[in-house]
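Data first, discussion second: the structure below is written as structure tokens.
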Amino acid sequence: MKIAISLLLLSCLSAPVLAQVQSLQHKEDKRRYIVYTPPSYQSQPQQAFPVVFNFHGGGMSMAEQMLYTQMNRTAERHQFIVVYPQGIKQDWNVGFGMDYPAGTDDVGFTQAILSKLKQDYRIDDKRVYATGLSRGGFFALRLAAELPQQFAAVASVGAPMPEPVVQHHQKTDKVGMLLIQGTADKVVLHEGKAASYLSAQGTFDYWRKHNGIEGATPQPRLMPGPAGDTTQVNWLEQGSGAGSASVALLSVKDGGHTWPGADAFNIGLPIGKTTRAIDANEVMWAFFSRHRR
């Protein structure tokens, strides 16, 4: 699997050089990340481009996240830059198994990448977003809590709000929040886990309150999958008017610990079904594009 991934990555990084592995020194560690620029970046030299950070799950690599989510294709269609950072020991510090304030400084690493991007690329710093799968989704939520002045919106897949983030969350800035969670996820439970992370609904309610969204919760929209797909998506979204930081919860009925719309990627692990009712990348970009700092 690792050899196949490496060969695929090399093929992605060859011919026009749109995806590049880059590195920087952050504290005592040399850290790596992939930057993908769509073809329009070269053809529109006066344009500033939005940026999406895409964080891999625990035990995965930046290359695997790029290949699994296929977000580069979405970046080509909608003209944004994608950054795939690499976690130390394929992990991110969200307070699980390491000290939240004193453990690996992944927040600082993210800030360092963003500073480097501002030097090296034409980026629109009012349109910077983050997403991630599993541990990467948990970390995207930490960024929403700690760097709301830099991230306009965040989308988390298979990862509700970690309790350590709740305990340390002090910033009051509003952030657009999109949550995607499978109801049959056996890796990260839709109903939450005591002393570890909130439920999907609890996370929706948490960010709804944080963003100052009032009023009765609307009825969710039901989005069935195509023929042969037993999953369906309950789409719950609420904002407080034009230009507000909206909060959305997409509960994938019978969905597993997977990226909606992606190719199957279970490599023998019991991670469950992948819904075809939505394309996570397209849903994210539609949500992100409504939010600016």
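The values are calculated or read from the model by the stated rules, or taken from the named source; none is laboratory data. As the structure is a computational prediction, the values presented were derived from the model and not from experiment. Using ideal geometry, Cβ is built from the backbone for each residue, glycine included, and neighbour counts are taken over all protein chains shown. For the accessible areas, the whole protein counts, side chains as well, though only heavy atoms, and no ligand, DNA or RNA atoms are used. Shrake-Rupley method; radii C 1.70, N 1.55, O 1.52, S 1.80 Å.
Structure values in brief
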{"item": "Percent of C-alpha pairs per 10 Å bin, the range 56-175, short to long", "result": "13, 47, 34, 6"}
{"item": "Dipole of the chain, positive end: most advanced residue of GLY108, ALA145, LEU18 [Cβ charges, Cα centre]", "result": "LEU18"}
{"item": "Cα pair count fraction exceeding 12 Å, expressed as % - the range 94-142", "result": "70 percent"}
{"item": "Intensity falloff of the chain expressed as log10 I(q)/I(0), Debye formula with alpha-carbon point scatterers, at q = 0.08, 0.09 Å⁻¹", "result": "-0.31, -0.39"}
{"item": "Shape of the range 189-237, Cα gyration tensor, a/c cut at 1.5", "result": "oblate"}
{"item": "Stokes-Einstein D for the range 54-97, Kirkwood Rh over Cα pairs, 20 °C, 1.002 mPa s (µm²/s)", "result": "191 µm²/s"}
{"item": "Accessible area in square angstrom per residue, the chain, 1.4 angstrom probe", "result": "43 Å²"}
{"item": "Taking the chain and dividing mean pair separation by its residue count, relative contact order in percent (alpha carbons under 8 Å, at least six apart)", "result": "15 percent"}
{"item": "For the range 61-128, alpha-carbon Rg and Dmax in angstrom", "result": "14.1, 40"}
{"item": "Cut-off 19 Å (backbone N to label point 7 Å along Cα→Cβ of LYS209), residues of the range 131-172", "result": "141-142, 144-146, 160-172"}
{"item": "Protein accessible area in the range 20-93, 1.4 Å probe - carbon and sulfur %", "result": "44 percent"}
{"item": "Förster radius 35 Å - calculated FRET efficiency between ALA216 and ASP120, Cβ distance, rounded to 0.05", "result": "0.15"}
{"item": "Average Cα contact separation per residue, the range 68-187, under 8 Å, 6 or more apart, as relative contact order %", "result": "20 percent"}
{"item": "Rounded to whole Hz, the Karplus (6.51, -1.76, 1.60) HN-Hα couplings of the range 49-60, x for glycine and proline", "result": "10, x, 10, 10, 7, 10, 9, 6, x, x, x, 9"}
{"item": "Whole-number D in µm²/s for the range 22-64 (Stokes-Einstein; Kirkwood sum over Cα pairs; 20 °C, 1.002 mPa s)", "result": "166 µm²/s"}
{"item": "About the Cα centre, charge dipole magnitude for the chain (Lys/Arg +1, Asp/Glu -1 at Cβ), debye", "result": "400 debye"}
{"item": "Share antiparallel - DSSP beta bridges, the chain, percent rounded to 5", "result": "50 percent"}
{"item": "C-alpha center-to-center spacing [the range 87-131, the range 200-237] in angstrom", "result": "28 Å"}
{"item": "Rounded if a/c under 1.5, otherwise prolate or oblate - the range 121-245, Cα gyration tensor axes", "result": "rounded"}
{"item": "Of every Cα-Cα pair in the range 179-293, the percent that sits beyond 20 Å", "result": "45 percent"}
{"item": "Distant-in-sequence amide H partners of HIS26 (H built 1.01 Å from N, under 5 Å)", "result": "ARG31"}
{"item": "Farthest positive-ward along the range 185-293 dipole, Cα basis, beta-carbon charges - from SER251, MET223, LEU236", "result": "LEU236"}
{"item": "Net +/- balance of residues flanking GLN42 in space, Cβ distance below 13 Å, scoring K and R +1, D and E -1", "result": "0"}
